[in-house]
1. So, in Å, what gap is there between the alpha-carbon centers of region 247-278 and region 120-166?
2. Any chance you could list the semi-axes, whole Å, largest first, of the equivalent ellipsoid that the Cα gyration tensor gives for region 350-417, using √(5λ)?
3. Arranged from highest to lowest average of other beta-carbon atoms within 10 Å per residue, in what order do the peptides 285-291, 46-52 appear?
4. Under a point spin-label approximation (7 Å from Cα along Cα-to-Cβ), what is the residue 247-residue 145 distance to one decimal in nm?
5. When Rg is the radius of gyration of the Cα atoms in region 318-367 and Rh is its Kirkwood radius, what does Rg/Rh come to?
6. So what is the 222 nm mean residue ellipticity for the chain from helices alone, if each DSSP H run of at least 4 adds -39500 (n - 2.57) and you divide by all residues, rounding to the nearest 500 deg cm²/dmol?
7. Using the Karplus curve 6.51 cos²θ - 1.76 cosθ + 1.60 with θ = phi - 60°, what ³J(HN,Hα) values do you get for each residue of region 203-217, in whole Hz, with x for Gly and Pro?
8. What are the residues whose amide H is under 5 Å from the amide H of residue 235, where those residues sit 5 or more places off or on another chain and H is modelled from the backbone?
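Throughout, read-outs are computed from the coordinates displayed, never taken from laboratory work. These numbers were taken from a predicted model, which means no experiment stands behind them. Here the Cβ positions follow ideal geometry from the backbone for every residue, glycine too, while neighbour counts run over all protein chains shown.
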Amino acid sequence: MKHIYILLYNAVWRLAGLLLPLLALFHEKIRRFVEGRRGKWAKHWRDYSRPLAWFHVSSLGEFEQARPLMEALRAHYPHYQILLTFFSPSGYEVRKDYEGADHVAYLPYDTPKNSRLWYDTYRPSIVFWAKYDYWYHFITEASRRKLPLILFSALFRPGQIFFKPWGALHKAMLHAFTHIFVQDSRSKQLLKQHLGIEAQVAGDTRFDRVCAIARQRRRFPEIERFIDGQPCWVAGSAWKEDIQVMLPWLRCQAGKQKVIIAPHDTGETMLKEIEQLLPVPSIRYSQWKAQPQAAPQATVLLIDCIGMLASLYAYGKVAFVGGAFKQGLHNILESAVYGIPVLFGAPHYRKFREAQELIAAGGAFAVPDARAFEACMERLFGDEAAYRQAAQAAHAYVHRHQGATARILHCLKPLLA
């Protein structure tokens with residue numbers, strides 16, 4: 001049966017190789033996906049006298065999980081070169097110049113030939129896989145070559161394909177890893193009970209990352225001028241559906257609060273749609289920075305650039321994190337690390353462990369609609385004791401879960417040394 005699955009898997013990749021270049025003519029993201037994988041693999045940077053650690057991530061979220069581990073590896077084992085690969089164009093385009101790696105590239109199509117050539121070309125000494133994004137040939141080729149293959153910050157749930165009768169390929173990939181570091185004990189139990197795999201509970205490296213960001217956060221004098229001492233809250237990675245939930249509260253609080261909105265998409269089309277939705281005066285960040293007196297009555301500062309959000313949350317008394325009305329919740333730890341209550345939509349947050357745990361701790365609140373959002377904001381802004389309790393819960397939750405990076409490196413010390 002496994003052999004049949006492999007044949008089907010390879011057939012899908014061959015079909016993708018034919019169809020994706022055609023679809024790229026009509027879709028910008030697919031075009032970047034295809035063009036980024038063309039041409040020969042660069043190896044001029046590779047010093048074969050030094051060992052290489054290869055880190056693979058799917059996109060930006062997984063990059064944030066890998067980053068503390070890459071930086072700790074570089075600090076403790078500076079003789080290692082680091083290769084970082086992305087599957088998604090949205091991750092690669094933002095982090096292709098990341099200075100913590102010696103080289104950043106796209107992961108090629110997952111074919112037997114590509115995987116063999118990849119390992120022959122770069123000769124990694126150890127391979128790190130962040131959370132998921134499992135690709136059969138690249139993973140099993142590492143195992144075939146007896147390379148240390150590390151899965152970290154992994155999280156498993158009972159309904160996943162690994163635990164289904166038709167999940168033969170995914171089961172084989174998990175068995176290929178030499179070390180699996182999971183976020184919680186439930187994941188460890190699932191792997192042991194269903195697959196006979198021993199894993200180690202190390203936690204989620206994102207906690208280490210957000211704590212590092214908070215310690216080194218950027219300050220924006222122009223944003224401080226915009227807030228001007230008034231109560232302020234921040235909506236980060238917001239989709240249009242998220243903003244629609246905020247509209248009644250924005251309308252009734254006009255002139256009483258300042259709001260910073262960082263959209264999920266900062267393209268011109270989305271910015272214009274948001275501006276048309278807002279019931280209160282707004283100004284874009286780039287305009288405010290150039291002309292601080294351009295809109296003195298503006299209630300909303302609309303962030304029209306990327307790379308600021310993780311520091312912007314520090315300016316809010318409350319944070320709303322977007323995505324849960326769409327495909328999935330964005331990173332709530334970036335806001336909770338500052339010790340502020342976190343709101344997000346419902347119901348698409350339940351597969352996010354940190355969201356459920358932070359709600360249980362009292363530091364986060366899921367709001368299914370505008371009425372629930374309004375009630376929650378009234379409580380947090382109107383009841384100081386309730387606010388302080390939620391803020392302390394958020395701060396304690398994040399700082400209590402630090403340390404995954406150190407635990408992983410400690411376990412891998414014999415391999416790395």
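1. That distance is 41 Å.
2. Values: eigenvalues 257, 41, 9 Å².
Values for region 350-417, descending: 36, 14, 7 Å.
3. Details: 285-291: 15.6, 46-52: 12.9.
Top to bottom by mean Cβ count within 10 Å: 285-291, 46-52.
4. Label at residue 247, label at residue 145, 5.5 nm between them.
5. Working: Rg = 9.4 Å, Rh = 10.3 Å.
Using Cα coordinates only, the ratio equals 0.90.
6. Working: 19 runs with 195 residues, N = 417.
Value at 222 nm, helices only, nearest 500: -14000 deg cm²/dmol.
7. x, 10, 5, 5, 4, 5, 5, 5, 5, 5, 4, 4, 5, 10, 4
8. Amide H neighbours of residue 235: 260, 261, 262, 320.
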